[in-house]
Amino acid sequence: MEITPVMATLLGAGFGSLSTALIAVVVQKATLKRERKHKLWERQVAVIEESLRHERVVALKRNEVMRNPGPETDVFLALKSVFDEADVSKIMANLELYGSPAIQAAHRTAFEAWRDWLVDFVDWQKWNKRTGPGHEEEERAEAVRETTKRWPNVEKLASKADEAYDELVRVMRATAIFEPVTNRVNPPNPELPR
């Protein structure tokens, strides 16, 4: 069978159309993949922002309590407003869904450091409340010894909580760094003048 010019034209047009369609499908898939990655990144950044906002307020309240640790300071009342404003279960769920393993580990470390500080601070504060008037002299003397003995550990745990918070911020910042989409789609050509 002999191929006529009309048949050759039709075959060429068919192959051209098929290759154009395949290229369009490949480009569409790549675009959709890039958009999904970008949307996931946007969600991760939103989770980082929400978590960071909450952690910052908790750290500020801890520092405020440490500046004024007297018996009149109610640490739970000071923290109540923080936890009333935030939906901690939502923050935790979002961190589990969208947080990287590094963020989850840093958040867990920061929470554990904060919890350790809170337990020791509350214990110290129980003793500190016994140093004031209304208590027998022996009880007050024992309370003064205990508060003096326990305070350095409270300060150490506060510093550890601050360090854990700083590490959490560092990990979150590293995760949130994002190269603009235009640089990935159309990278600069070093051979072309700008």
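Values for this structure:
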item	result
Checklist (1) aliphatic (A, V, I, L, M); (2) open to solvent by less than 50 Å² (accessible area, probe 1.4 Å); (3) touching a helix residue (DSSP H, G or I) at 6+ places or on another chain (Cβ under 6 Å) applied to Ala102, failing item	(2)
Flag for Asp87 being among the charged types (D, E, K, R) and free of Cβ contacts under 8 Å to residues at least 40 places away in the same chain	yes
Region 127-139, residues that are surrounded by 14 or more Cβ atoms within 10 Å (Cβ to Cβ) and in a helix (DSSP H, G or I)	Trp127, Asn128, Lys129
Any hit, region 49-70, residues being touching a residue at least 40 places away in the same chain (Cβ under 8 Å), basic (Lys, Arg) and either open to solvent by less than 50 Å² (accessible area, probe 1.4 Å) or on the phi > 0 side of the Ramachandran plot (or both)	yes
Qualifying residue in region 28-46 (condition: within 30 Å of Pro152 (Cα to Cα), hydrophobic (A, V, I, L, M, F, W, C) and touching a residue at least 24 places away in the same chain (Cβ under 8 Å))	no
Segments classed as helices (runs of 4 or more DSSP H), wholly inside region 1-118, with at least 1 members that are out of contact with any Gly (no Cβ under 9 Å at 6 or more places or on another chain) and within 30 Å of Thr148 (Cα to Cα)	5-67, 75-85
Criterion: modelled with pLDDT of 90 or more and aliphatic (A, V, I, L, M) - qualifying residue of Ala174, Ala113, Ala86	Ala113
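For (1) surrounded by fewer than 18 Cβ atoms within 10 Å (Cβ to Cβ); (2) farther than 30 Å from Ala46 by Cβ; (3) of a type in the set (S, T, N, Q), each residue gets a yes or a no:
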| residue | (1), (2), (3) |
| --- | --- |
| Ala106 | no, no, no |
| Trp117 | no, no, no |
| Ala141 | yes, yes, no |
| Lys149 | yes, yes, no |
| Glu155 | yes, yes, no |
| Tyr165 | no, no, no |
| Val169 | yes, no, no |
| Arg173 | yes, no, no |
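The values are calculated or read from the model by the stated rules, or taken from the named source; none is laboratory data. Please read these numbers as outputs of a predicted model, since none were measured by experiment. With ideal geometry, Cβ positions are generated from the backbone for all residues, glycine too; neighbour counts draw on all protein chains shown. The accessibility values were calculated without ligands, DNA or RNA, using every heavy atom of the protein model including side chains. Shrake-Rupley method; radii C 1.70, N 1.55, O 1.52, S 1.80 Å.
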